[in-house]
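**Q** Supplied in structure tokens, the structure appears directly below.
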Amino acid sequence: MRGRDEEWTGLMRAANAGDAAAYRRLLEAVAPVLRAATYRGLARAGQPVDQSEDIVQEILLAVHLKRQTWDATAPFAPWLFAIARNKLIDALRRRGRRVFVNIDDFAETMAAPATGDTLSPGEVAAHLDGLPARQRDVLKSVAVESASIKETATRLAMTEGAVRVALHRGLASLASKLREP
Amino acid sequence: MQTDRLIAALAADANTTPRRIGPMLALALLAALPVSVALFMSILGMRPDMRTAMHNPFFDLKFMVTLALAFAAIVVSLHLARPETSFDRWGWLLVLPVVIIAVGIAAEMTMPHQRPWLSRLIGNNAMACMASIPLFALPFLAAALLALRRGAPANPTLAGMTAGLLAAGLGATLYASHCADDSPLFVMVWYSLATAFVAAVGAIAGRRVLRY
């Protein structure tokens, strides 16, 4: 646990210093842990567990958009799990359940099944079409078709700067759409 | 959308690091300041006997109370904007203005007075006080909520309430320079009621706008 937490904290510090590869490694490392904990939280609340991937994606979006609230002198894991717990509670409430989620669900999660991607996360994708055209096109290109910023810029006849702006705004609008009840 | 693709998109957006909340809150409050001051000067203005009043320790005490409230609430607000902090850990700071006013009341009790305590408590400006503090607090509250939207509070209602307290502290600081009622008893009752109202507005607004 401690080794894992220290690794995450180190990666997030590197990410804040501008290391995008470290940031990606961090998100890839936390996703399976979030998936396992979300899965367990849903099961405990008597909810269908096939929504867990939607919630994992929602957590990742919140982590991304709120990462300035992480205090770089503090460990990363408690911050991450606080966001995860908040998002899980939110998701359960939206489904009409008032459930107390124990933080230990997250903090003690070790198992990290990689089965998540075989599930069909649809919530984020469903909201994509509701975005303004430019944000949608850029997000689809980067996130669905895995194109780089550069390729996306060429494909959509935009500057790279404009692609970056549209990408960031698109992610922010996705998060706010997911928040709506 | 597959999660690994979403992660790729997030990583592609890694270089747009969002701005930190502390400086944003400072900027927002600085921007609200001229609005509140303009409202204050056009409606009330400072009291005419400002120079002599400044020699009255109970006049000065009002500012200690309102500024202590504002600063304590700013500190607590910044903590509550983080997802992993709790009100239990930082909320005690808000006791500070209460302690100052209690000391003030005790000090005033020991002094000889021409007016009975009840008339000092009721004062002459109770209604003006209750209406003015929320009015001058409003620009600060709007600014604070706007800045705190960048945060990720575990409890948006409490975060909004604290934003209300900081706005009330700043609004009351302006009002205190107009009001001729300097008794700590007056401050305890009427300033507190006005503050509670602004805090309630902040809580209701925070519940809606500070969710992340």
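**Q** Note the angle between two axes, namely the Cα long axis of helix B:3-12 and the longest principal axis of the Cα atoms of chain B, as a number of degrees from 0 to 90, rounded to the nearest 10.
**A** The two axes meet at around 70 degrees.
**Q** Which value in Å does the Kirkwood hydrodynamic radius of region B:34-99 take, with 1/r averaged over all unlike C-alpha pairs and then inverted?
**A** The answer is 14.3 Å.
**Q** Can you report the principal axis dimensions of region B:7-71 using only the alpha carbons, biggest first, rounded to whole angstrom?
**A** The Cα atoms of region B:7-71 stretch 66, 25, 13 Å along the principal axes, largest first.
**Q** By per-residue mean of other Cβ atoms within 10 Å, what is the highest-first order of A:137-143, B:7-13?
**A** A:137-143, B:7-13
**Q** What is the mean number of Cβ atoms from other protein chains located within 10 Å of the Cβ atom of each residue in peptide A:68-81, rounded to a whole number?
**A** Average neighbour count from other chains, rounded to a whole number: 4.
**Q** So if the hydrodynamic radius of region B:74-174 is defined as the Kirkwood radius over C-alpha pairs, what does Stokes-Einstein give as its diffusion coefficient at 25 °C and 0.890 mPa s, in µm² per second?
**A** D = 158 µm²/s.
**Q** For all pairs of alpha-carbon atoms in region B:1-122, what percent lies in each bin of width 10 Å, listed from the first bin to the last filled one?
**A** 9, 22, 28, 20, 10, 6, 4, 1
**Q** With a 10 Å radius around each residue's Cβ, average the other Cβ atoms per peptide and rank A:156-168, A:46-58, highest first.
**A** Output ranking for A:156-168, A:46-58: A:46-58, A:156-168.
**Q** If you project the alpha carbons of the protein assembly as shown onto the principal axes, what extent comes out on each, in Å, largest first?
**A** Computed over the protein assembly as shown, the largest-to-smallest principal extents equal 82, 47, 37 Å.
**Q** Just going by the charge dipole of chain B, with Lys and Arg at +1 and Asp and Glu at -1 on Cβ, which of B:PRO184, B:ILE133, B:TRP117 is farthest out on the positive end?
**A** B:ILE133
**Q** Enter the mean projected area of the convex hull around the alpha-carbon atoms of region B:127-212, in nm², rounded to one decimal.
**A** 5.1
**Q** Output the relative contact order of chain B, whole-number percent, from Cα pairs under 8 angstrom with separation of 6+ residues.
**A** Value for chain B: 31 percent.
**Q** About the Cα centre of region B:21-209, how large is the charge dipole given +1 on each Lys and Arg Cβ and -1 on each Asp and Glu Cβ? Please answer in debye to the nearest 20.
**A** So the dipole magnitude of region B:21-209 works out to roughly 380 debye.
**Q** Calculate the translational D of region A:122-181 in whole µm² s⁻¹ from Stokes-Einstein, where the hydrodynamic radius comes from the Kirkwood formula applied to all Cα pairs, the temperature is 37 °C and the viscosity 0.692 mPa s.
**A** Value of D from the Cα-based Kirkwood radius: 288 µm²/s.
**Q** How big is region B:21-209 by the Kirkwood estimate over distinct Cα pairs, in Å?
**A** Result for region B:21-209, one decimal place: 16.7 Å.
**Q** In terms of Cα to Cα distance under 27 Å, which lysines are near enough to A:LYS87, apart from those fewer than 8 places away along the same chain?
**A** A:LYS66, A:LYS140, A:LYS177
**Q** When the chain is fully extended, how far beyond the present Cα-Cα distance does B:ALA38 get from B:ALA142, taking 0.36 nm per residue of separation?
**A** Working it through step by step, the gained length comes to 35.8 nm.
No value in this document is a laboratory result; all are computed from the given coordinates. As the structure is a prediction and not an experimental result, all values here were calculated from the model. Cβ atoms come from the backbone with ideal geometry, glycine included; neighbour counts cover every protein chain shown.
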